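Taking it in order: structure first as structure tokens, then the write-up.
The values are calculated or read from the model by the stated rules, or taken from the named source; none is laboratory data. Not measured: the values here are computed from a predicted model. With ideal geometry, Cβ positions are generated from the backbone for all residues, glycine too; neighbour counts draw on all protein chains shown. Areas reflect the complete protein model, heavy atoms only, side chains present, ligands, DNA and RNA absent. Shrake-Rupley method; radii C 1.70, N 1.55, O 1.52, S 1.80 Å.
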Amino acid sequence: MYLVGLTGGIAAGKSTVAKRWSEQGGVEIDADQLARDVVEPGTTGSARILETFGPEVFQENGAIDRAKLGAIVFADPELRKALESIVHPLVKAKAQEVVASLPANTIAIYNVPLLVEASVDLPFDMVVTVEAPAKEQIDRLKKHRGMSETEAQKRVASQASPAQRANAADVILNSNQDLNLFLKDADSLWLRIQREAFEKLSA
């Protein structure tokens with residue numbers, strides 16, 4: 001297997017890259033989806049969130065009200081740490097399980113926004129971070145996710161810095177450019193990933 005860790009700031013363009021690479025044969029593992037899975041009703045994660053945050057962050061059907069929980073934890077760094085202490089280990093274990101289940105000839109893309117923050121330590125062959133200026137991230141969050149300026153600033157500030165992500169990465173993709181140029185860069189990197197994967201898997 002060839003395993004790529006794909007990270008980057010919120011609204012920087014990770015999903016665009018993951019979608020592009022999936023269309024070209026990569027298998028995406030979405031950390032955000034795993035984070036939802038591990039707190040589904042009836043799970044250990046759901047029970048621990050109920051214990052920590054109370055019933056007010058749940059909907060009537062037993063599912064977590066993600067908007068309400070998000071508003072709480074992004075307003076209080078200590079509560080955010082409490083949530084992360086519940087979710088991060090569960091997601092890490094689930095990701096290991098998913099990776100182990102994939103065929104040996106897979107090029108897997110672990111799309112994980114909090115690679116640095118969650119100290120993700122899977123055996124990556126390459127780590128890629130997608131970066132955009134904070135102002136661009138904030139503008140995208142306001143435009144595409146309906147966040148206020150303050151909400152968007154809090155989300156961006158809550159994550160690792162670009163320098164921290166760059167320090168953990170082998171490659172930096174710049175999304176602050178024309179979309180076609182950005183996709184061209186992503187395609188060029190995918191060709192490199194395919195070459196390296198072929199060399200590794202045929203050795």
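Details
- Residues that are under 30 Å from G26 (Cβ atoms) and part of a loop (DSSP other than H, G, I, E, B), drawn from the range 76-104: L102, P103, A104
- Matching helices (runs of 4 or more DSSP H) fully within the range 117-203 where at least 2 residues are open to solvent by less than 20 Å² (accessible area, probe 1.4 Å), under 22 Å from S22 (Cβ atoms) and out of contact with any Lys or Arg (no Cβ under 6 Å at 6 or more places or on another chain): 179-201
- Total residues in the range 80-103 satisfying the condition of being touching a residue at least 60 places away in the same chain (Cβ under 8 Å) and under 19 Å from Q159 (Cβ atoms): the figure is 3.
- Residues of the range 105-116 classified as part of a loop (DSSP other than H, G, I, E, B), in contact with a strand residue (DSSP E or B) (Cβ under 8 Å, 6 or more places away or on another chain) and either surrounded by fewer than 19 Cβ atoms within 10 Å (Cβ to Cβ) or of a type in the set (G, A, S) (or both), total: 1
- Answer residue from the range 39-75, given it is touching a Ser or Thr at 6+ places or on another chain (Cβ under 8 Å) and part of a loop (DSSP other than H, G, I, E, B) and is surrounded by the most Cβ atoms within 10 Å (Cβ to Cβ) among those: V39
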